[in-house]
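The structure appears right after this line, and notes come after that.
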Amino acid sequence: QVQLVESGGGLVQPGGSLRLSCAASGISVSIWTMGWYRQAPGKQRELVATISSGGTTNYADSVKGRFTISREGAKNTVYLQMNSLKPEDTAVYYCKGARDRRIYWGQGTQVTVSS
């Protein structure tokens, strides 16, 4: 049974920071390609950041320089450090694991950036 459980979302003021966590079970975050995606109201889900099994990272242009994806094998967890948050970062953030043709999603965590 594969589970991806996100946590760490919440309400933050513009310019603030949050760290999201994605705890995985049933797959290894060190072997699978892991990613963070987000979906704002009325918009399609979009890629935020990914990290490959080899450690290569990829970011959406809108978050480059502000967000950092990382993983911790011992805890089988993927993180998304989000700094300098903007109102347009408001969305539900989802964790995704992918390998071969298998894809798994977490249930999402809400991030709201507002004063």
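Numerical summary
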{"read-out": "Where a residue in the range 1-16 is farther than 23 Å from ASN76 by Cα and open to solvent by less than 60 Å² (accessible area, probe 1.4 Å) and its partner, wherever it lies, is small (Gly, Ala, Ser) and assigned to a loop (DSSP other than H, G, I, E, B), with Cβ under 9 Å and at least six apart", "value": "VAL12/SER114; GLY15/SER84; GLY16/SER84"}
{"read-out": "Test: residue in the range 101-108 that is buried (at least 17 other Cβ atoms within 10 Å of the Cβ) and touching a Ser or Thr at 6+ places or on another chain (Cβ under 9 Å)", "value": "no"}
{"read-out": "Check on GLU46, without any contact (Cβ under 8 Å) to a residue 60 or more places away in the chain, closer than 16 Å to THR112 by Cβ and open to solvent by 50 Å² or more (accessible area, probe 1.4 Å)", "value": "no"}
{"read-out": "Pair list, Cβ < 7 Å and 6+ apart or interchain, from the range 99-113 residues that are on the phi > 0 side of the Ramachandran plot to residues that are of a type in the set (Asp, Glu) and open to solvent by less than 100 Å² (accessible area, probe 1.4 Å)", "value": "GLY108/GLU6"}
{"read-out": "Single residue of ALA74, ALA60 found to be modelled with pLDDT of 95 or more, of a type outside the set (S, T, N, Q) and surrounded by 13 or more Cβ atoms within 10 Å (Cβ to Cβ)", "value": "ALA60"}
{"read-out": "Flag for GLU88 being open to solvent by 30 Å² or more (accessible area, probe 1.4 Å), touching a strand residue (DSSP E or B) at 6+ places or on another chain (Cβ under 9 Å) and farther than 20 Å from SER7 by Cβ", "value": "yes"}
{"read-out": "Residues within the range 56-112 that are closer than 15 Å to GLU46 by Cβ, in a strand (DSSP E or B) and among the acidic types (Asp, Glu), tallied", "value": "0"}
{"read-out": "Residues satisfying the stated conditions in the range 28-55, i.e. assigned to a loop (DSSP other than H, G, I, E, B) and within 16 Å of TYR79 (Cβ to Cβ)", "value": "SER28, VAL29, SER30, TRP32, SER52, GLY55"}
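The values are calculated or read from the model by the stated rules, or taken from the named source; none is laboratory data. A quick note: this is a predicted structure, and the numbers were derived from the prediction, not measured. Cβ: placed from backbone, ideal geometry, glycine included. Neighbour counts: every protein chain shown. Accessible surface areas use protein heavy atoms only, side chains included; no ligands, DNA or RNA. Shrake-Rupley method; radii C 1.70, N 1.55, O 1.52, S 1.80 Å.
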